[in-house]
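Okay, structure first, notes after.
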Protein chains: 2
Amino acid sequence: MTGDGKSGAAGVDPEQLWLRPTAHRRGRRPSFSREAITAAAVALADAEGLEAVTMRRVAAEVGAGVMSLYSYAPDKDTLLELMVDHVSGELPVADAPSGDWRADLRTIAHLQRAHMLRHPWLPAALSTHRVPGPNTLAFLEHALAVLRPTGLDGAAKLEVFAQLTAFVAGHVAHEIAQGAASRSPDRAAAEARYLATVAADGQHPELAEALAAPGRPLSPEATFTRFLDRLLDGLAAG
Amino acid sequence: MTGDGKSGAAGVDPEQLWLRPTAHRRGRRPSFSREAITAAAVALADAEGLEAVTMRRVAAEVGAGVMSLYSYAPDKDTLLELMVDHVSGELPVADAPSGDWRADLRTIAHLQRAHMLRHPWLPAALSTHRVPGPNTLAFLEHALAVLRPTGLDGAAKLEVFAQLTAFVAGHVAHEIAQGAASRSPDRAAAEARYLATVAADGQHPELAEALAAPGRPLSPEATFTRFLDRLLDGLAAG
DNA sequence: TCTATTCTCGTACGAGGTACGAGAATAGAG
DNA sequence: CTCTATTCTCGTACCTCGTACGAGAATAGA
């Protein structure tokens, strides 16, 4: 369950997860690998959504028995954690900070957006607290370097990064929902009819007007850029 | 599980859900009510988190048989929808827009934050697309009225509201995660140890410095206000 | 070769969502 | 009042899911 709420007790021990030795010493040789299992899970999530990622499906995809997965990850929640860090490895980190932290942050945000659009399950997966794995940490390291010219203290820099990521995730989640809605015309039509009915009831004049005068539709990308720039403008002042 | 086989929520027909007649005509008199069932589910989620909300638990809480719930909501997803709109009824809408849309928006954001802290499952529940019910629409109507002085077109106003809500949800989710972490000292300590180990590996100088010089810790409320003001500053310019 | 170790995976259990359909309650028709 | 159509109640059952258990297989070192 990816459900949030007060279930903070459920969690993964980061030391056990990311710092455990990976070498093989004695005993039977492993038939699979964390990498392969994680990659299969990611492929499944990309293709069919997070809810298609079940231990049985992943095992079948890898050619393993279901319970064999538990030699590589102690539970499904951990597998999700592995998936998140796995795809974070796609984020390029090579280019050094330019010194213009606003431009660099903008670049980072656009990278994250593209990344999340490529893996639409990411916003949902990020909504619960995750301990950063090596790939995530590499990206974080880069973001902190970018923020160096701001002169913010450590906690503030971490906070800025967290907020930026949350902003991007929120936007992309919205973007995906819109896209999904327009991809099922019946649902979209039903929703439009419903809103029209509500707008016509006289109790919602502002909504009626907003729906009547929608303005020219902006591309999701344009909207994203607009809000991002506003947020960065604001950060510049703070 | 949604019948269309595609990923994502968007499985509820809004007309069937929000516009269906509520009057009782013929046949056996209902023993329960949508209200009571929804309220029980909300109470459960508030007390024990979203994952405690199962059809069996809710039914037990109400004193009904499990399958009786399905006379009031066609499936669990719909029940979640009802829960979201139910708690939206707590949001005060009475006060008219002051004409200062920035101040009004700030008030709205703070209301939403308090609301989500009161119902910590809300950010997660909002992360999937929801069709606004009557209470949500009343609040939206108010927000649109507040945004009237901006002169934005309909789509833009809706977009601003969505972004603001997403921002608040993202922040509160983070806030809750932090709070949950500090409420389980073992986890927090393990995570701190892990990050310290990573920071000491020489590969993450920026992280090491950020952790070494954290600065004075800000209250979550202060951080929220700071970022919110920045976002509003930005919106003012756009 | 023997043994300790490590991995594989069939079986099984409990929890969760919900389809089915029999029974119970009720309003209106006669 | 009786009959019937309607509407709600809910026990039973099925399927999917995560995962505990433990027996068997493979392997490295003694």
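Below is a table of values for the structure above.
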{"item": "Viscosity 0.692 mPa s, temperature 37 °C, Stokes-Einstein D of segment B:101-237 from Kirkwood C-alpha radius, µm²/s", "result": "189 µm²/s"}
{"item": "Shielding by partners - mean other protein chain Cβ count within 10 Å, residues of A:169-178", "result": "5"}
{"item": "Positive-end extreme of charge dipole, segment B:1-120 - chosen from B:Leu44, B:Pro97, B:Pro74 (charges on Cβ)", "result": "B:Pro74"}
{"item": "Across the identical copies, how the B:Arg34 labels are spaced - nm, sorted shortest first, 7 Å along Cα→Cβ", "result": "4.9"}
{"item": "Nm distances between copies for A:Ser68, ranked from closest, using label points 7 Å along Cα→Cβ", "result": "4.9"}
{"item": "Length-normalised contact order for segment B:94-184 - Cα pairs under 8 Å, 6+ apart - percent", "result": "46 percent"}
{"item": "Helix-only [θ]222 nm of chain B, DSSP H runs n ≥ 4, -39500 (n - 2.57) each, per residue, nearest 500", "result": "-20000 deg cm²/dmol"}
{"item": "Mean Cα-pair separation over length for chain A, i.e. relative contact order, pairs under 8 Å, 6 or more apart, %", "result": "19 percent"}
{"item": "For A:Arg216, solvent-accessible area (1.4 Å; no DNA, RNA or ligand), Å²", "result": "150 Å²"}
{"item": "B:Glu191 accessible area, assembled protein chains, probe 1.4 Å, Å²", "result": "40 Å²"}
{"item": "Heavy atoms of B:Arg148: accessible area, 1.4 Å probe, square angstrom to 10", "result": "110 Å²"}
{"item": "For segment A:68-123, average projected area of the Cα convex hull in nm²", "result": "5.0 nm²"}
{"item": "Viscosity 1.567 mPa s, temperature 4 °C, Stokes-Einstein D of chain A from Kirkwood C-alpha radius, µm²/s", "result": "63 µm²/s"}
{"item": "Measure of compaction for segment B:99-143 (Cα Rg per 2.2 N^0.38 Å)", "result": "1.26"}
{"item": "Pairs of alpha carbons in segment A:34-97 whose separation is greater than 13 Å (percent)", "result": "60 percent"}
{"item": "Using θ = phi - 60° and Karplus 6.51 cos²θ - 1.76 cosθ + 1.60, couplings along segment B:174-191 (whole Hz; Gly, Pro as x)", "result": "5, 4, 5, 4, 4, x, 5, 5, 6, 8, 10, x, 4, 4, 4, 5, 4, 5"}
{"item": "Segment A:156-218: radius of gyration and largest Cα-Cα distance (Dmax), Å", "result": "16.6, 48"}
{"item": "Using θ = phi - 60° and Karplus 6.51 cos²θ - 1.76 cosθ + 1.60, couplings along segment A:142-147 (whole Hz; Gly, Pro as x)", "result": "4, 4, 5, 4, 4, 7"}
{"item": "19 Å Cα-Cα reach of A:Lys76 towards aspartates and glutamates, excluding residues that sit fewer than 8 places from it in its own chain", "result": "A:Asp4, A:Asp13, A:Glu15, A:Glu35, A:Asp46, A:Glu48, A:Glu51, A:Glu61, A:Asp85, B:Glu51"}
{"item": "Calculated FRET value between A:Arg56 and B:Arg148, using beta carbons and R₀ = 45 Å, to 0.05", "result": "0.25"}
{"item": "Position A:Arg20, label points 7 Å along Cα→Cβ, spacing to each other copy in nm (shortest first, one decimal)", "result": "4.8"}
{"item": "Rounded to whole Å, sorted largest first: equivalent-ellipsoid semi-axes of segment B:1-127, Cα gyration tensor", "result": "29, 18, 16"}
{"item": "For segment B:29-88: relative contact order, % (alpha-carbon pairs under 8 angstrom, 6 or more apart)", "result": "38 percent"}
{"item": "37 °C / 0.692 mPa s Stokes-Einstein diffusion coefficient of segment A:191-238, Kirkwood radius on C-alpha pairs, µm²/s", "result": "250 µm²/s"}
{"item": "Where only alpha carbons of segment B:21-68 are counted, the Rg and the Dmax (Å)", "result": "12.2, 38"}
{"item": "Sorted largest first, extent of the protein assembly as shown alpha carbons per principal axis (Å)", "result": "74, 54, 39"}
{"item": "Among B:Gln178, B:Gln16, B:Gln112: highest mean-square fluctuation, GNM of chain B, C-alpha pairs under 10 Å", "result": "B:Gln16"}
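The values are calculated or read from the model by the stated rules, or taken from the named source; none is laboratory data. Quick caveat, the model's predicted, so the values are computed rather than measured. For neighbour counting, all protein chains shown are included, and Cβ atoms are generated from backbone atoms with ideal geometry for every residue, glycine included. Remember, those area values only see protein heavy atoms, side chains included, never the ligands or the DNA or RNA. Shrake-Rupley method; radii C 1.70, N 1.55, O 1.52, S 1.80 Å.
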